[in-house]
Amino acid sequence: MEVCVIAKCTYKSETIMFSVSSESSMVDILKTLCLRFRGLQLGCFTLRYSVPSYPSCFLETDSDLDLMRTFLLISNEKTVDILVKDLCGISEYSGDFCVNKELIACEKGESSCSSTVEDRNEFLGRSKRASAKPLLSNEWETYIHHVGQKFDGGAEEFRLKLCKYALEVGFNFLYAGNDKKRVVAVCSNKKLEGCSWRVYASRCEATGSFVIRTLNNVHTCAGRIRESKSKMMRSRVVSSLIVDRIRAKPELKPVEIIHEFKDYYGIDISYYHAWFGKELAKLDVHGDESKSFNELVWYADAVKETNTGSLCTLDCEAGINRFRFFVSFGGCIAGFQYCIPLLFIDATFLKSKYKGQLLCASGKNGNQGFYPLAFGVVDSETEENWTWFLQHLASILLPMGEW
C-alpha cells in the first residue's frame, strides 16, 4: 500500500514542504533539504519530527523513517512537522567534503555507494557532531510544538516553558495578552518586520490546565540565532532551574549560579537575575518568611506541649513596631541545676532580612562546654528589652534557688 505524507520542514526562519512516500529514503530527504535550504551543509545538522504526544523524535536512519511512516499511518495523520537542528558552523566541521562526495557517488550510481540500509545509516550517523558538548537546555526547543498541547501547571507553567523555548530557539517575544485565563504572545519583531509568529493559550475550565488554542510557529522575520545573552532569561526562569539546588545547598552564592548557568546551559545571566532568582527559589522551598511570624503562636504552644516545663513567651502589639520572643526548653532548665552556677549573658545582631537582636544566656557544663539555657529575639538591644529578657530568665532561676 502506497503511504504518502506531507513533511513540513523548518530551518531557522524558513519552512518548506515536500512529500515523503514509501519509496523515499533518508538520503533522499537529506539531499532535498540541502538543495532547498541555503547554507545547510551535510554533517552539520540533525532532524527531529513531532507527532501528537511525542514532540521530539529522532529522524536519523531509514529505520526511524519507517517507524515515522508507520505511526502516521496508524494515527491517520497526513502531515508531519520536521525540525532541522543546526549543530555547527561550516568551518568547524571537517567531514563535509567526504559526505558530499558520497552523495555525488550515489547520484551517479557508482559502485562505491552501497544501497543497503546499513551503509546509508552509517553515512547518516555522521550528520551529528560527536564532539559538541550537550547542554541541559537542548530539550527546551520541544516545549512548544502543536495545537492542543496541555500544561497541567496552568498559566505559570506555560509562561516558563514559553520563555525557555524562546531562549533555545533564539528569539524574543512580547505578551499581547497575559492573565490567569489566557496568554497571547507574539514575536518582538512583529511591528518592525511584520513577523507572523504567534501563540495563544487559555485555561480549560474542565481540568484547570492550560491548552494551546492557536499556534503559528513559523517566523517570517530575520533568522533566529541562539545567543548566550537574552531578554527571555528572567529571574523566574532562573528560579525554576535552581530550586532543587537551593533545596540541597541553601548557601549557594549568586556567583556560583552564574558559573553553573554558563557551563550547563550555555547562557550568561546577570548578578541581579542570579540573586533574585535565588530569592524566588528560597521562597518556593521554604515559603514566605514574613508569613512565618504568624506561626510563632502555634510554635510556642507546641513547645510547651511537647517539652514539659518549657517557658516560651511571645510579646508583640499591633500597630507598634515591637516584637519580643523568649524561649527556654524544659530539658535545658532541668539540666542547668547540674551545671556550674555561672551564667554568661550576651547579645548579637541578626543578619536576616528582618534584622533584630539575639539575646542569650548560657552556662558551663562539667566538660567546660557551653550549655544553652535561654535565648530571646527582640527588635533592638535596649534597656527595656534587656529588662524584659532578664525578668523571664529570673522566673526560671528562682524556683531552682539559683537567683
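Values computed for the structure shown
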item	result
Meets criteria (surrounded by fewer than 16 Cβ atoms within 10 Å (Cβ to Cβ) and among the hydrophobic types (A, V, I, L, M, F, W, C)) for residue 18	yes
Every residue from the stretch 180-198 that is within 13 Å of residue 155 (Cβ to Cβ) and surrounded by 14 or more Cβ atoms within 10 Å (Cβ to Cβ)	182, 183, 184, 185
Residue 325 under 20 Å from residue 377 (Cβ atoms) and in the same structural domain as residue 375 (by TED's automatic domain parsing)	yes
Top-ranked residue in the stretch 234-255 [being free of Cβ contacts under 8 Å to residues at least 24 places away in the same chain and more than 16 Å from the chain's Cα centre (by Cα); ranked as farthest from residue 280 (Cα to Cα)]	255
Yes/no for residue 387 being of a type outside the set (A, V, I, L, M), in contact with a helix residue (DSSP H, G or I) (Cβ under 6 Å, 6 or more places away or on another chain) and either over 30 Å from residue 251 (Cβ atoms) or touching a residue at least 12 places away in the same chain (Cβ under 8 Å) (or both)	no
Test result for residue 359, crowded, with 18+ Cβ neighbours inside 10 Å and in the same structural domain as residue 316 (by TED's automatic domain parsing)	yes
Of all residues making up the stretch 305-345, the number that are surrounded by 14 or more Cβ atoms within 10 Å (Cβ to Cβ), free of Cβ contacts under 8 Å to residues at least 24 places away in the same chain and charged (D, E, K, R)	0
Output for the stretch 198-217, where each listed residue is assigned to a loop (DSSP other than H, G, I, E, B) and either of a type in the set (D, E, K, R) or within 15 Å of residue 143 (Cα to Cα) (or both)	205, 217
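The values are calculated or read from the model by the stated rules, or taken from the named source; none is laboratory data. The structure displayed is predicted, hence computed values, not measured ones. FYI the Cβ positions are ideal-geometry reconstructions off the backbone, even for glycines, and counts take in every protein chain you see.
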